[in-house]
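Q: Below are the structure tokens for one structure; questions will follow.
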Amino acid sequence: MAVTSATRGTFAETRMASRGFSLGRLTGRVGTYAILIAFLVIFLLPFIWIWSSAFKTSQEIGRNPFALPTELRWGNLVEAWTVGHFSEYMLNSAIYCAAIVAGSVAFACLAGYGLSMLPLPGRETVLVLFLLGLTVPFQSVMIPMYYLLRDTHLLETYWAFIIPGIAIRLPFGIFLMRGFFRGLPPELGDAARTDGANEWGVFRQVFLPLSWPGLATLILFQFMWAWNEFAMPLIFVQRDALRPVSLGTMFFFGRFTADRGMIAAGVTLSMIPVVLLYLILQRRFIEGITAGALKS
Amino acid sequence: MTGTTLVAPFVAPSISPARRSWRRYRAGILFVLPALILYLIFMVYPFFRSIYFSFTSWNGVTAVKEWVGLANYRELIGDNLFWLSLQHTVIWVIVGTIAPIAIGMLLAILLWSRPKGFTLFRTFYFMPQVLSAVVIGIIWNWIYNPIFGILNESLDAIGLKDISRGWIGDPDVALYAVLVAAIWATIGLCFVIFLAGLQNVSKDLLEAATIDGANVWQRFWNVTVPQMASVINVVIALLLIWGFSVFDIIFVMTGGGPANATEVLATYTYKEAFTQNNVGYASTLSVVITVISLIASVTFIRLRERQEA
């Protein structure tokens, strides 16, 4: 496989690169790569297994689960999309994600700006209130949330996931955006203020255009969270027609347990958007995660 | 005092103090208000309502919520399933915090000097982190499958057929089997954060320690770890908060079974609330989760402050 040839390549290069041949160093390098590649296999193999199974019939999987598909059979994916309701689940997830991302990013951006750039009475109290939201698990609020949604007749509608989905993600967004705005010099707004702009104008014309890097990171993370979220739709939207992909995939798994090719296709469809997004924007993902963890 | 006398002449006498402060704060309040209102209604209010529910025997249907005082909490103390769930949660938190941190740290240190293939390794080590719990759960259910799972097939292949079993169907190992799946998905996060943290670790100090004769382990434990303390603390705090409220992956993989072998506080709470309709008692359980995870995270923040002071 490609992995072994890569080992051989680095092995030879290491040998050439190391000035003064040292046996101890060489074995150290080889050992390091042995561990690194072993973990690469552990992390990557399940993906390859699922993706290749999606293109095989259940009989082919039964014969040799590890063999790569001999020909690309799209039948499983097509069937999962139509018979398995994935077209509906994907559409629902798109609706949920669009609404949750738009709402949580807009509110968090405004509040993050207000809490970092504008005078506010009781600012510390509000900050602590939002900070506690970062440590409160969903279980602490889910039961009354359910009855609140029931009493407002929002249960079993798209709103039942959208509204609490926005609310529960506010603390993360506010802290990310507040941290971002605090990195900008407040004096930037003064020129616009002397030109007679009000605070909304200052925000729109000066700070919002500067905040794109922060907003992009936030959009990415809110999207990934909304796409993957499971417990909230499980409890608040039980009708199949309203299920997002995460929940749909689970019921799909229950329905087609025996049909392995079909399940692999469903799982593949369900992870494609986030995995693609990650592979395209991986640097932003990783920088966002580390910045978020190290600053907070 | 002097402030007021200095400012006073600049203010038109017709404007009252209330209106003056409204003008000063108007913009800030309007920016924060939409988020705050939503947050108060859908987070803060349910939070306190949970506590109120925990003192009632409500079943979710009746109009009246009968106040029962501490009865639910007394029931909790005698409830074996509660203690079992708590025990599983504690195991989950301990193993699920230590293992990804140890493995993530190992990988970060091995890739510290950015050897060839660095980006490739980093990309794929982190990739499981973007998956939903449902996808992770189904993938690992397959791996553990007693008939066609790769784990048993691999064990058979290397002559360890005796060990092979239906991993998540066996009450003795099910909890650990699910834990392994969760750890698999979490290592990437720890790894990436540690990798960033290592950038701030002084290589000069490490070289000095090498010259002084410190071995690899001593250098790691006495030089690297102290410089990484705050980063490690952040990761621990994150994993603690997630661990105490773990739900998704267990619900997907085992649903708390077999025979409650993987029941944790969150899955038990879910069942009591939404399948048994014991809303009062379920709220009591949820209050316990809240208190435990708040204590854990607050203790951690305190420890960290003390370390930094």
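Q: Ignoring everything except DSSP H segments at least 4 long, calculate the 222 nm mean residue ellipticity for chain A; use -39,500 (n - 2.57) per segment, divide by total residues, nearest 500.
A: Values: 15 runs with 218 residues, N = 296.
Here the helix-only value at 222 nm equals -24000 deg cm²/dmol.
Q: Using per-residue counts of other Cβ atoms within 10 Å, averaged over each peptide, order B:48-60, A:155-167 from highest down.
A: A:155-167, B:48-60
Q: Let me ask another. Work through the residues other than residue B:279 whose Cβ is under 9 Å from its Cβ and net out their charges, Lys, Arg +1 and Asp, Glu -1.
A: On the way: positive: B:65; negative: B:272.
Once positives and negatives cancel, what remains is 0.
Q: Can you tell me the FRET efficiency between residue B:75 and residue B:233 if r is taken as the Cβ-Cβ distance and R0 is 30 Å, rounded to the nearest 0.05?
A: 0.25
Q: Tally Lys/Arg at +1 and Asp/Glu at -1 over every other residue whose Cβ is under 12 Å from the Cβ of residue B:68; what's the total? Numbers along the way, then the final one.
A: Numbers: positive: B:65, B:74; negative: B:66, B:75.
Residues close to residue B:68 contribute a combined charge of 0.
Q: Quick one: among A:247, A:118, A:23, which has the greatest mean-square fluctuation in a GNM of chain A with alpha-carbon springs under 10 angstrom?
A: A:23
Q: Now a separate question. Net charge near residue B:144, counting Lys/Arg +1 and Asp/Glu -1 over other residues with Cβ under 15 Å of its Cβ?
A: Numbers: positive: A:260, B:165; negative: B:153, B:156, B:170, B:172.
Local net charge: -2.
Q: Ignoring everything except DSSP H segments at least 4 long, calculate the 222 nm mean residue ellipticity for chain B; use -39,500 (n - 2.57) per segment, divide by total residues, nearest 500. Write out the running numbers ahead of the final one.
A: Values: 14 runs with 205 residues, N = 309.
Counting only the DSSP helices, I get -21500 deg cm²/dmol.
Q: Could you work out the mean count of beta carbons from other protein chains within 10 Å of each residue's beta carbon in B:106-113? Don't skip to the end; give the middle numbers.
A: Values: counts 3, 4, 0, 1, 6, 2, 0, 1.
Mean shielding by partner chains, rounded to a whole number: 2.
Q: Scan chain B and note any complete DSSP helix (H) whose C-alpha atoms cover at least 24 Å along its axis and whose Kyte-Doolittle average is -0.5 or more.
A: Helix filter hits for chain B: B:17-39, B:80-110, B:174-198, B:225-244, B:279-308.
Q: Right, here's the next one. In debye to the nearest 20, how big a dipole does chain A give about its Cα centre with +1 on each Lys and Arg Cβ and -1 on each Asp and Glu Cβ?
A: Using only the charged Cβ atoms, the result is roughly 1000 debye.
Q: Determine the dipole magnitude for chain B: charges of +1 sit on the beta-carbon of Lys and Arg, -1 on that of Asp and Glu, nothing else is charged, the reference point is the Cα centre, and the result goes in debye to the nearest 20.
A: Rounded to the nearest 20 debye, it is 1560 debye.
Q: Whose amide H sits under 5 Å from the amide H of residue B:58, counting only residues 5 or more places off or on another chain, with H placed in the peptide plane?
A: Long-range HN contacts for residue B:58: B:66, B:280.
Q: Work out the charge dipole of the protein assembly as shown with +1 on the Cβ of Lys and Arg and -1 on the Cβ of Asp and Glu about the Cα centre, then indicate which of B:82, A:28, A:197 is farthest towards its positive end.
A: Projecting each Cα onto the dipole axis, the largest value belongs to A:197.
Q: Please identify every one of the chymotrypsin sites (Phe, Trp or Tyr not before Pro) in region B:75-155 that sits in a loop by DSSP and has no more than 14 other beta carbons within 10 Å of its own beta carbon.
A: B:148
Q: Could you give the angle, 0 to 90 degrees to the nearest 10, between helix A:142-151's Cα long axis and the longest principal axis of the Cα atoms of chain A?
A: The angle comes out near 60 degrees.
Q: Taking R0 as 41 Å, what's the FRET efficiency between residue B:16 and residue A:190 from their Cβ-Cβ distance, rounded to 0.05? Don't jump to the answer; show the numbers that get you there.
A: Values: r = 28 Å, r/R0 = 0.68.
E between residue B:16 and residue A:190, to the nearest 0.05, is 0.90.
Q: Rank B:84, B:151, B:160 by mean-square fluctuation in a GNM of chain B with C-alpha springs under 10 angstrom and give only the top-ranked residue.
A: B:160
Q: Which of the peptides A:190-202, A:206-218 is most tightly packed, and how do the rest follow, judged by the mean count of other Cβ atoms within 10 Å per residue?
A: Most protected by this proxy first, the peptides run A:206-218, A:190-202.
Q: To the nearest 0.05, what FRET efficiency results for residue B:41 and residue A:87 with a Förster distance of 30 Å applied to their C-beta separation?
A: Numbers: r = 34 Å, r/R0 = 1.14.
Using R0 = 30 Å, I get an efficiency of 0.30.
Q: Here's another thing I want to ask about it. Let me know the mean shielding of A:106-119 by other chains, meaning the per-residue number of their Cβ atoms within 10 Å of its Cβ.
A: The shielding value for this peptide is 5.
Q: Could I ask something else about it? With springs only between Cα atoms under 10 Å apart, run a GNM on chain B and tell me which of B:278, B:222, B:72 wobbles the most.
A: Result: B:222 has the largest fluctuation of those listed.
Q: According to a simple spin-label model (label point 7 Å from Cα along Cα-to-Cβ), what is the distance in nm between residue B:211 and residue B:23?
A: Between residue B:23 and residue B:211, the label points sit 6.6 nm apart.
Q: Next question. Please report, in whole Å, how far the alpha carbons of chain B spread along each principal axis, starting with the longest.
A: Principal axes ranked by extent give 92, 68, 32 Å for the Cα atoms.
Q: At a temperature of 20 °C and a viscosity of 1.002 mPa s, determine how fast chain A diffuses translationally according to Stokes-Einstein, using the Kirkwood radius over alpha-carbon pairs as Rh; express D in µm²/s, rounded to the nearest whole number.
A: Numbers: Rh = 22.9 Å.
Rounded, D is 93 µm²/s.
We did not get these values from a lab; they are worked out from the coordinates using the rules stated. Since we're looking at a predicted model, the values are computed, not measured. Reconstructed Cβ throughout: ideal geometry from the backbone, glycine too, with neighbour counts over all protein chains shown.
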